[in-house]
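The values are calculated or read from the model by the stated rules, or taken from the named source; none is laboratory data. Keep in mind that what you see is a predicted model, and the values were worked out from it rather than measured. Please note: Cβ atoms are built from the backbone with ideal geometry, for glycine as well, and neighbour counts cover all protein chains shown.
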Ligand code: MN
């Protein structure tokens with residue numbers, strides 16, 4: 001067994017290559033970790049310091065800075081020993097202490113729920129809460145070593161931890177572009193979670209080793225010979241894909257191992273981007289490319305900064321071979337991802353045009369040009385990937401995901417509508433705040449109810465989520481009397497009109513006619529009442545009236561606005577009235593969605609305005625103005641994705657809920673992955689309102705995690 005001197009020697013090895021200050025810090029951290037973990041043992045029976053050493057080694061391999069390596073040595077000190085953040089600060093400096101504090105914060109908040117299935121929200125929260133990206137990288141190094149030594153744990157624990165690794169850590173590594181780490185995490189987890197499949201693949205890979213190596217050699221030879229003529233520097237390597245990715249391919253394409261031919265990927269590494277394209281040309285000239293398999297990630301890098309050319313060609317025997325072509329720099333980024341940037345020896349050109357989730361990294365790289373110290377650079381490297389959402393906790397420790405900017409009121413309504421109606425404020429992390437308090441990541445929120453509290457129109461300004469707004473409106477509509485609503489609405493509208501210089505007495509009766517039709521109400525007072533309980537927007541009604549007055553003033557004889565005619569479920573421009581229409585299958589619009597029409601040979605194709613297909617296609621035919629005929633009562637197809645923690649009867653409960661909501665199911669596909677149920681449904685509903693009610697009901701089914709509408 002190794003003794004203390006050996007461990008110190010290993011630490012010395014890790015500290016080599018750093019300047020005096022950095023090496024000093026690393027050794028100080030090692031000494032402190034050694035002392036702090038004195039007497040503790042790993043499940044393997046080895047002294048605990050071996051774990052700290054291995055984590056530090058992994059971080060060094062990732063080419064992290066000295067502070068991160070020091071923090072790596074000390075990453076379990078706060079959680080597992082008597083030493084505190086203050087102690088680390090005193091001994092190993094403020095920066096090290098900050099990182100370790102981040103690690104233990106994330107561990108305590110995000111990973112305490114171990115044993116539960118990890119939701120997408122939890123994963124995102126991990127990201128959002130780690131203020132410094134190095135915190136995540138330390139957690140990844142920690143997990144990597146824990147996975148490498150997982151066999152020392154009992155079987156049950158191995159499964160739980162592997163599940164967590166598969167669901168949280170591997171995707172995180174992927175997100176950060178750290179493919180090497182991701183593959184290793186996946187393969188170890190795979191071996192635990194599906195021992196039989198793993199063994200089978202491993203056995204078959206081993207059996208075919210010789211054949212595969214021969215094939216790689218011959219491919220290399222042919223390719224090398226062709227490329228030599230060009231005098232372009234190339235390095236060709238080939239290796240089997242990692243086990244889990246082979247397994248995924250077998251599942252995805254429903255194939256047996258024997259029928260998967262592109263088990264190997266050939267990699268061609270060269271000097272410049274230009275050479276990459278030249279090499280691609282030669283390869284396509286020599287071997288027949290498989291149609292539809294070429295991908296240009298150089299022109300269009302992936303969001304995790306991955307750049308490469310991909311193609312699949314058929315070799316002499318007609319077997320497909322996947323080939324990746326990239327420069328040396330691109331290869332480093334492909335393997336190490338974000339960690340590659342700590343080893344920033346030379347300027348690397350990044351495609352600045354590309355917008356992606358990694359825009360923040362690029363931005364920082366730009367700044368980096370003017371910064372000397374990489375220490376300074378990484379200090380600025382904050383994680384801001386999820387700027388659309390905020391993640392908070394209920395008092396029971398459940399995670400809730402809300403839109404950024406959501407308030408205490410939104411949170412209260414997201415828990416229960418009654419809690420929202422009676423909400424007077426909340427205790428956030430132990431402090432009292434008002435309804436307006438904007439939620440921050442990681443907040444623990446305890447709502448305070450008041451017996452006499454009830455919603456008011458002003459709440460519509462505090463609420464940011466549709467759910468909360470709808471509930472407030474609903475309450476006002478059903479609980480305020482009509483007279484109150486009309487008075488309140490008249491008052492609000494008059495205020496709005498005054499801002500536009502319109503006096504209520506100046507409004508002609510026919511101005512109201514259009515509004516009464518538009519809002520499908522019986523009379524003027526219904527519009528006032530609607531404004532009073534928040535159903536209609538005072539600003540929109542005022543705009544409508546102002547526009548009406550303006551158009552009347554500007555009316556020029558001879559000019560006529562496009563007329564619209566009702567045509568079944570939709571209203572179209574008069575000139576298109578004879579043509580048939582259909583709803584686009586790509587986005588399945590339902591009443592309430594904003595829609596647009598595309599003129600096609602077969603008639604008008606109606607899409608959602610937000611349709612992704614529409615946005616990405618080049619439309620050369622006319623766009624037709626269409627809107628919903630609100631009087632038509634029909635069922636419309638739309639698709640939902642539902643995920644949940646799988647259990648007996650879950651599918652049945654979901655289906656029953658749909659039936660109870662009077663929606664018709666036209667297809668239902670589901671599968672279970674790592675104990676999570678994923679279901680794709682096509683259902684027929686009456687419109688958006690019906691849809692949102694249905695989605696709310698499904699969300700309430702026990703163990704359902706997410707419900708979303710998909711294109
Ligand atoms: Mn650890």
Considering segment 320-339 alone, what residues qualify as being in contact (Cβ under 8 Å) with a residue 60 or more places away in the chain and not in a helix (DSSP H, G or I)?
321, 322
Of the numbered conditions (1) surrounded by fewer than 19 Cβ atoms within 10 Å (Cβ to Cβ); (2) at pLDDT below 85; (3) assigned to a helix (DSSP H, G or I), residue 134 fails exactly one; give the number of that condition.
(1)
On the given criteria, is residue 129 modelled with pLDDT under 90, surrounded by 24 or more Cβ atoms within 10 Å (Cβ to Cβ), under 28 Å from the mean Cα position of the chain (by Cα) and more than 14 Å from the ligand (Cβ to nearest atom)?
no
Within segment 663-691, track down each residue that is outside any strand (DSSP E or B), surrounded by fewer than 16 Cβ atoms within 10 Å (Cβ to Cβ) and modelled with pLDDT of 85 or more.
689
With the requirement that a residue be assigned to a helix (DSSP H, G or I) and either surrounded by fewer than 21 Cβ atoms within 10 Å (Cβ to Cβ) or away from the ligand (no atom under 16 Å from the Cβ) (or both), what does segment 61-92 give you?
61, 66, 67, 79, 80, 85, 86, 87, 89, 90, 91, 92
Any residue in segment 44-72 that is without any contact (Cβ under 8 Å) to a residue 40 or more places away in the chain sitting within a Cβ distance under 6 Å of a residue that is within 14 Å of the ligand (Cβ to nearest atom)? List the pairs, counting only those 6 or more apart or interchain.
48/37; 48/40; 48/42; 52/33; 52/73
Looking at segment 97-114, is at least one residue at pLDDT 90 or above, away from the ligand (no atom under 16 Å from the Cβ) and touching a helix residue (DSSP H, G or I) at 6+ places or on another chain (Cβ under 8 Å)?
yes
Select from segment 305-319 the residues that are assigned to a loop (DSSP other than H, G, I, E, B), surrounded by fewer than 19 Cβ atoms within 10 Å (Cβ to Cβ) and in contact with a strand residue (DSSP E or B) (Cβ under 7 Å, 6 or more places away or on another chain) and list them in ascending order.
315
If we scan segment 174-190, do we find a residue that is over 24 Å from residue 265 (Cα atoms) and away from the ligand (no atom under 16 Å from the Cβ)?
no
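Would you point out the residue of segment 484-495, among those that are surrounded by fewer than 20 Cβ atoms within 10 Å (Cβ to Cβ) and touching a residue at least 12 places away in the same chain (Cβ under 8 Å), that is farthest from residue 549 (Cα to Cα)?
484
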Which residues, taken from segment 224-249, are over 26 Å from residue 180 (Cα atoms) and buried (at least 18 other Cβ atoms within 10 Å of the Cβ)?
227
Can you tell me how many residues in segment 30-50 are in contact with a helix residue (DSSP H, G or I) (Cβ under 6 Å, 6 or more places away or on another chain), assigned to a helix (DSSP H, G or I) and within 14 Å of the ligand (Cβ to nearest atom)?
3
If a residue must be surrounded by 15 or more Cβ atoms within 10 Å (Cβ to Cβ) and either in a strand (DSSP E or B) or at pLDDT 75 or above (or both), how many such residues does segment 376-403 contain?
10
Listed residues 328, 302, 295; which is crowded, with 16+ Cβ neighbours inside 10 Å and either under 29 Å from residue 184 (Cα atoms) or modelled with pLDDT of 85 or more (or both)?
302
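With the condition kept exactly as written, say whether any residue in segment 614-637 is outside any helix (DSSP H, G or I), within 23 Å of the chain's Cα centre (by Cα) and either touching a residue at least 24 places away in the same chain (Cβ under 8 Å) or over 22 Å from residue 704 (Cβ atoms) (or both).
no
Listed here are the residues, each with its yes/no results for (1) in a helix (DSSP H, G or I); (2) in contact with a helix residue (DSSP H, G or I) (Cβ under 8 Å, 6 or more places away or on another chain); (3) touching a residue at least 24 places away in the same chain (Cβ under 8 Å); (4) within 23 Å of residue 700 (Cα to Cα).
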| position | (1), (2), (3), (4) |
| --- | --- |
| 425 | no, yes, no, no |
| 448 | no, no, yes, yes |
| 451 | no, no, yes, no |
| 471 | yes, yes, yes, yes |
Scanning segment 161-170 for residues that are crowded, with 23+ Cβ neighbours inside 10 Å and within 14 Å of the ligand (Cβ to nearest atom), the one nearest to the chain's Cα centre (by Cα) turns out to be 169
Look through 33, 9 and report the one residue that is touching a residue at least 12 places away in the same chain (Cβ under 8 Å) and either exposed (fewer than 13 other Cβ atoms within 10 Å of the Cβ) or over 33 Å from the mean Cα position of the chain (by Cα) (or both).
33
Whichever residue in segment 145-160 is within 24 Å of residue 61 (Cβ to Cβ) and not in a loop (DSSP other than H, G, I, E, B) and, among such residues, is farthest from the ligand (Cβ to nearest atom):
151
